[in-house]
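Input: a single structure, listed below in structure tokens.
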């Protein structure tokens, strides 16, 4: 029996995983919730981030300033604070249905979480895009402009396709970051992976091991993912040499 | 081949950087007639590339005028994109679009600017590629091509816009020596066909043979301009004499 393995362990033991047979489904749901939070928020962040990056490179100082201010605010304040302000502030005025998505994701908590993570992430992704755009050789823009294309046409047809290809690995890294950062959503009752650990810990009085267990899950997901991204990046760099 | 029919007329062009601390062009005036081939030569840093790049406003002049088909391009109210369509430009580093095939490189601008349908643009691109013997490369990406092939395709890309003038910014400087010939041959053919050309070059042999007029620049100013025979055989400006003694 599984629980016999842990018969001699204290509630504070590092590897007291006796809760697993009963609570594994809670962790699986939490894991799914976490992945959904991370992927959806980064996906939602892409378009605003692109806009912010292009604004950041605009000739107009006001346009540049607006984007710069947004990025500064979201990069210089803690995510938990942003999350709280958006949850208790913005979504105080927006009524959300108390509907369950896939049977376990409460819309009225999930949406504020995704919005906060996406707004935060867009500030970071904007900087990724900005670097990606600046990394495209200026000769590309000159060639496009010399053919008579407008600056927006040059950006859209020549610069952005090359920039986006260059930043795909960094974008994937942002998802990895979000898988970790989204754990903060547990503070507002979103039933993601960290929340599952807290719940199990509180219910079973096994204080430590549920957190050890979720740490293992985070690691097993993120470490191979970032290694894979590194490998893709290396291959892309080799492909770029002409 | 030179005529009195002015296509481009540069008047008192000044280009300063860093609020006047660096003067790249100092009161340059130059005309280019329709069908004329003008070579710009001079030591590096002399401003010849800056002058060429000013012609289609890749460099924004500090003062002065650039008349192209009678319109002052330095005037801020001018829609420069429209005029650039008629001024083909070829760069030292080719600047082909690496994410597009050879065919797409050539057809992108005419299609995007709605000058041609996709079918027309592609037919013209194949015709141009055939002319330079690279029709079989239409589906390739630029990184599969040699430097000489890239530069000839860059020339064809500019030609696909049916320009009134072609601007060449050191088109052979980044090429391996064995590939210089194929690019110069293509440019020679263009000149023979009556294309108006302005060429910044270090190829003195090409300037002497193909240009109708050679312009020598030093320190941001035009120091001497003349027919190739006169300029190379009887240079008057001391800077030009010094320059020629080093490069010839």
Relative contact order in percent for chain B (Cα pairs under 8 Å, 6+ apart) equals 27 percent
Between residue A:150 and residue A:4, how many nm apart are label points set 7 Å from Cα along the C-beta direction? 7.7 nm
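For segment B:113-210, what does the alpha-carbon gyration tensor say about shape, rounded, prolate or oblate, given a ≥ b ≥ c as the root eigenvalues, a/c under 1.5 as rounded, and a/b over b/c as prolate?
Working: a/c = 2.15, a/b = 1.36, b/c = 1.58.
Note, shape of segment B:113-210 comes out oblate.
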Largest-first principal axis extents, alpha carbons of segment A:100-242, Å: 69, 34, 23
Which length gain, in nm to one decimal place, applies between residue A:61 and residue A:231 when the Cα-Cα distance is subtracted from 0.36 nm times their residue separation? 57.3 nm
Candidates A:60, A:108, A:166; GNM for chain A (alpha-carbon contacts under 10 Å) flags as most fluctuating A:60
Count the DSSP beta bridges whose two residues both fall in chain B, then state the antiparallel fraction as a percent rounded to the nearest 5. 55 percent
Listed with the fewest Cβ neighbours within 10 Å leading, B:237, B:79 appear as B:79, B:237
Only Cα pairs under 8 Å and at least 6 apart count here; give the relative contact order of chain A as a rounded whole percent. 30 percent
Inter-part gap, Cα centre of segment A:167-203 to Cα centre of segment A:16-49, in whole angstrom, is 6 Å
Candidates B:25, B:167, B:103: whichever shows maximal mean-square fluctuation once chain B is modelled as a Gaussian network with Cα springs under 10 Å: B:103
Helix-only [θ] at 222 nm, chain A, -39500 (n - 2.57) per DSSP H run of 4+, per residue, nearest 500, equals -24000 deg cm²/dmol
Along its principal axes, what span do the Cα atoms of the protein assembly as shown show, with the longest given first and each in whole Å? 103, 46, 45
Of all DSSP beta bridges with both partners in the protein assembly as shown, the antiparallel percent, nearest 5, is 55 percent
How much mean residue ellipticity at 222 nm does chain B get from its helices, if each DSSP H run of length 4 or more adds -39500 (n - 2.57) and you divide by all residues, to the nearest 500 deg cm²/dmol? -10500 deg cm²/dmol
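Using only the C-alpha atoms of chain A, find the volume of their convex hull and express it per residue in Å³.
156 Å³
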Out of A:182, A:201, A:76, any idea which swings most in a Gaussian network model of chain A, alpha carbons joined below 10 Å? A:76
How much FRET efficiency would the formula 1/(1 + (r/R0)^6) give for residue A:77 and residue A:51, where r is the Cβ-Cβ distance and R0 is 22 Å, rounded to 0.05? 0.60
Radius of gyration and Dmax for chain B's Cα atoms, expressed in Å? 18.0, 55
Is segment B:32-106 rounded, prolate or oblate when judged by the Cα gyration tensor, a ≥ b ≥ c being the square roots of its eigenvalues, rounded requiring a/c under 1.5 and prolate requiring a/b larger than b/c? oblate
Looking only at segment A:175-197, which residues have a backbone nitrogen under 19 Å from a spot 7 Å from the Cα of residue A:98 in the C-beta direction? A:188-191
Sketch the reach of a paramagnetic label on residue B:189 as a point 7 Å from Cα along Cα-to-Cβ, and name the residues of segment B:166-183 whose backbone nitrogen lies under 13 Å away. B:182-183
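Every read-out reported here was derived from the displayed coordinates using simple, explicitly stated rules and does not represent laboratory data. These numbers were taken from a predicted model, which means no experiment stands behind them. For neighbour counting, all protein chains shown are included, and Cβ atoms are generated from backbone atoms with ideal geometry for every residue, glycine included.
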